[in-house]
Amino acid sequence: MYHRCCPEFHEAGWAEIVAGKCVNLNAVHSIISSSRTINKCTETIGDIEIKFSGTSAAVSKKITTAAQWSAAWNRAARAIKFAFPHREDELATYGEYINDKFDRRLERTHERVIQFDKAVRNRVTNTRRVELSDFAAFTDI
């Protein structure tokens, strides 16, 4: 996606969005967290010491907290909204729905909310008959 108002998002993520696939939030989380990681290295060759730094390559990091999910979701939702503006309310409503689930549960059970989110987003992607905001369609998950 190339447009002056285009939100920052990784190339593979844009491909998932345009193809109507479920965005991998773990990949989004990995990119967000790796952009904050700076590796500092020192190499010695003979009498010469070379110091350099750089960001590490994105390694797949699993979302384990509500804050990580929220950061990844917000980044993905901005990109989806850019590509499909008519989904803005659906995306905002779903983000609030999942955040409410996190708020009502103990932190040690947040993994269940994360798994629920994946199942919901996969169902919406695979059936194309329901929206993320059709909460009644997810009672069996």
What is the residue count in the stretch 112-133 for residues that are open to solvent by 60 Å² or more (accessible area, probe 1.4 Å) and more than 15 Å from the chain's Cα centre (by Cα)?
6
Yes/no for Asp103 being out of contact with any strand residue (DSSP E or B) (no Cβ under 8 Å at 6 or more places or on another chain) and modelled with pLDDT of 95 or more:
yes
In the stretch 87-141, which residue that is in a loop (DSSP other than H, G, I, E, B), of a type in the set (A, V, I, L, M) and without any contact (Cβ under 8 Å) to a residue 12 or more places away in the chain is farthest from Thr64 (Cα to Cα)?
Val130
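The values are calculated or read from the model by the stated rules, or taken from the named source; none is laboratory data. Quick caveat, the model's predicted, so the values are computed rather than measured. No Cβ is skipped: glycine too gets one built from the backbone with ideal geometry, and neighbour counts run over all protein chains shown. The accessibility values were calculated without ligands, DNA or RNA, using every heavy atom of the protein model including side chains. Shrake-Rupley method; radii C 1.70, N 1.55, O 1.52, S 1.80 Å.
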